[in-house]
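> Can you read through this structure? Questions will come right after.
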Amino acid sequence: MEVRFHVFHPSDCVNDVIERLRKARGHNISSVFLVDFDGVLQGRVYLQDLISAEGNTLLKDISKKTPWVQEMAPRDEIVEVVEKNQVPSIPVLNNDQVILGVIRYEQLVSIVHQDALDDLQKMVGVSKDEKALSTPFFSVRKRLPWLSVNHLTTFLAAFVVGVFEDTIAKITALAVLLPVVAGQSGNTGAQSQAVTMRGLALRGIRLRHKWRVMVKEGTVGLINGAVIGALCSVSVLYWSQSAALAGVIGVAMVIAMVAASLSGAAIPMILTALGQDPATSSSIVLTTITDIVGFVSFLGLATLFISQLG
C-alpha cells in the first residue's frame, strides 16, 4: 500500500488542482481522491476528466464514486474488487471511512503472481520458502515430510493392485495397460483441480457454487472419458485382438475420468470449507485418489469379465 497519494476537497477547482499536481511532479497519476475536512473519502476524479474540464469547474461536479476496501481486508477480496471494477488503483479506508493509502493495480499483479508461484509449489508438497538456490539440507527438511506422506499413499494404490493379483496373473496384458488408465485419470483430475483452484483464488466461484461446479466437471469428465475411452478401446483392440479387453478398458476409462474430474473439483472446495489452503499438497491427495479409482475400475471390471478375457 502506498501512503503518498493525492487528495483534494470537493470544492477545489480544476485549475488549482492541475497547478498543484504540476508542482508536486508526481509520476503515474491516473486519478485523485476527494475527501472532506475530516479526511473521509467522497469520490475520485480521473486524470482524463480533470484535463478535459473547464478551469473553473469544481471537482465535485466531475467526481465519480469509487470502490474501496477496509484496511484489514484479505488479499483475495482486494483482488476481487479491483478485477470487478477495473480500476487502476483502490483506496484503503479505516473504520471511519478515512483514506489511509492506495493500492495500485501493478502492485496487485505482482502479489498475485507471487501467490501463484507459491501455490504451484504447495500443490506438490514444496514449501513456499524454498528457492532454486536453497541449500540441499534446507530443501530436504521442507520436502521430506510430504514425501513421507506420499510414500504411504502410494502403498494404498499398490495394495489395490495386490488385491487383484490373481486376475493380473491370468491376464498379463492388464499390467501393461494399468499405467494408461492411471495416466489419463491423473491428467483429467489435474485439469479439473487447476480450473477449480483458479476460480476459488480469483473469487470466480464460492462454496455455494459447489454443486454447479461438480455437475459441470462431472459432465466434462463423462464426455472426455467417452471420447478417450473409445479411442483407447480401438487401440487396445488393434493391439490385443480382444474385444472384451477393449471394452473393459473403455468402460474403465469413463469411470476413472469421471471420478477424477469430480475429485479434482471436490478436493480444493473441501479444503476451503475446512478453512485450509486448497493448494496445500492437493496434488498428492488427488494422485492417490485417481490411481486407486483407476485401478479398481479397470481391474474390477477385468475380474468380473475374466471368463471373456481368457
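Each value in this text was obtained by applying a stated rule to the coordinates, not by laboratory testing. Computed from a predicted structure; not experimentally measured. All Cβ positions, glycine included, derive from the backbone under ideal geometry; neighbour counts span all protein chains shown.
> Only one of (1) under 30 Å from residue 81 (Cβ atoms); (2) part of a helix (DSSP H, G or I) is not met by residue 204, so which one is it?
(2)
> Only residues that are among the β-branched types (Val, Ile, Thr), without any contact (Cβ under 8 Å) to a residue 24 or more places away in the chain and in contact with a helix residue (DSSP H, G or I) (Cβ under 9 Å, 6 or more places away or on another chain): list them for the stretch 65-82, please.
Selection gives nothing.
> Count, please, the residues in the stretch 78-93 that happen to be of a type outside the set (Lys, Arg) and exposed (fewer than 13 other Cβ atoms within 10 Å of the Cβ).
2
> Looking at (1) surrounded by fewer than 20 Cβ atoms within 10 Å (Cβ to Cβ); (2) closer than 30 Å to residue 151 by Cβ, which is the only condition residue 225 fails?
(1)
> Something else about it: Restricting to the stretch 19-30, give me the number of residues that are over 43 Å from the mean Cα position of the chain (by Cα) and surrounded by 14 or more Cβ atoms within 10 Å (Cβ to Cβ).
1
> For the stretch 272-279, indicate whether the set of residues that are among the charged types (D, E, K, R) and not in a helix (DSSP H, G or I) is non-empty.
Looking for residues that are among the charged types (D, E, K, R) and not in a helix (DSSP H, G or I), one finds at least one in the stretch 272-279, hence yes.
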